[in-house]
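To keep things clear, I will list the structure first and then write my remarks on it.
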Ligand code: PAF
């Protein structure tokens, strides 16, 4: 595995590779969720590039950029074990220029749910991904469905700008008790981990209600909110795959999402039905 920190070196190295390239963009502190994306990429492509970059432009001023979990040595080990070809760990000063054209995430989809609580977040995500896509020129790029709105917005930019790559959404990986894996779970103590289970349990309830024939969004959201009590809930939403709110669940085209605070940690989770 090559560990590369400069864009110039990465471009030179990529010139030597003949075949399809899978890109797994990450912010590091790699866990089993990331590993599942990496494994899928390794299986589906001739070469896999993993980027580890805690992207400053997608954090709001009041967010956890400085304390965001970092584990460079651990990330190297994980990538080595997963047979990654290139681990790209660029420096912020190489990735960003003083006065650069900005990318604006599509207004409607980026202003609701995550975008409402984190205005500008998706602009930063697209800004950095546009750079990664141009530097690496991957055949495919892999994203976790846990960040469902991110998946939809990235698909949108790829379509809008006719970018020559495929976006591959990958299933959410959960602990045995149902907690969706997230780098931010390290902020939770044991008691908070138990409270955090309310998110996956509310989604399990939603899934069960749907299986029993309940398709009314309001009725489902009401039951979910009961389970989420007493957490501070940011949103419970039922949308179609383009992130338009729906009053009735339509199977194979619906995402049920929840965002809530456990202590000071904001967690998100969802199911695709
Ligand atoms: O999902 C993430 O970890 C980040 O938003 C991404 C896609 C790596 C961009 O910084």
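Laboratory data are not the source of any read-out in this text; all were calculated from the coordinates shown. Computed from a predicted structure; not experimentally measured. Note that each Cβ is placed from the backbone with ideal geometry, even for glycine, and that neighbours are counted across all protein chains shown.
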Fewest to most Cβ atoms within 10 Å: 131, 43 sort as 43, 131
What ranking, highest mean first, results for peptides 173-185, 59-71 when packing means the other Cβ atoms within 10 Å averaged over each residue?
173-185, 59-71
Pair residue 94, residue 9: separation of 7 Å Cα→Cβ label points (nm)
0.7 nm
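Note the full-extension length gain between residue 155 and residue 177 as 0.36 nm times their separation in residues minus their Cα-Cα distance, in nm to one decimal. Present the calculation step by step, with values, prior to reporting the outcome.
Details: separation 22, 0.36 × 22 = 7.92 nm, distance 3.08 nm.
Here the answer is 4.8 nm.
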C-alpha long axis of helix 148-160 to longest principal axis of the chain, angle in °
50 degrees
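Rank the residues 139, 16 as a footprinting-exposure proxy: fewest other Cβ atoms within 10 Å of their Cβ go first. Show your work: numbers first, answer last.
Details: 139 18, 16 6.
Going from least to most buried by this count: 16, 139.
Using the per-residue mean of other Cβ atoms lying within 10 Å as a proxy for protection, in what order, highest first, do the peptides 145-153, 204-212 fall?
Per-residue Cβ counts within 10 Å, averaged per peptide and sorted highest first, yield 145-153, 204-212.
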Specify the angular offset, from 0 to 90 degrees and rounded to the nearest 10, of the alpha carbon long axis of helix 121-136 from the longest principal axis of the alpha carbons in the chain.
30 degrees
Cα axis of helix 217-228 to longest principal axis of the chain: angle in degrees, 0 to 90, nearest 10?
80 degrees
Taking the alpha-carbon centroid of each part, what is the distance from region 179-229 to region 1-56 in angstrom?
32 Å
Using only helices, what value at 222 nm comes out for the chain when you add -39,500 (n - 2.57) per DSSP H run of length 4 or more and divide by the total residues, to the nearest 500 deg cm²/dmol?
-12000 deg cm²/dmol
Have a look at the DSSP beta bridges in region 134-273 and tell me what percent are antiparallel, nearest 5.
80 percent
Calculated P(r) tail over 26 Å for region 71-192, as whole % of Cα pairs
31 percent
What base-10 log of the normalised intensity I(q)/I(0) is obtained for the chain from the Debye formula, alpha carbons as equal point scatterers, at q = 0.14, 0.17 Å⁻¹?
-1.04, -1.46
Just to check, using Stokes-Einstein with a Kirkwood Rh over alpha carbon pairs, what's the diffusion coefficient of region 137-257 at 10 °C and 1.306 mPa s in µm²/s?
99 µm²/s
Sequence of 82, 8 once ranked by neighbouring C-beta atoms within 10 Å, starting from the fewest
8, 82
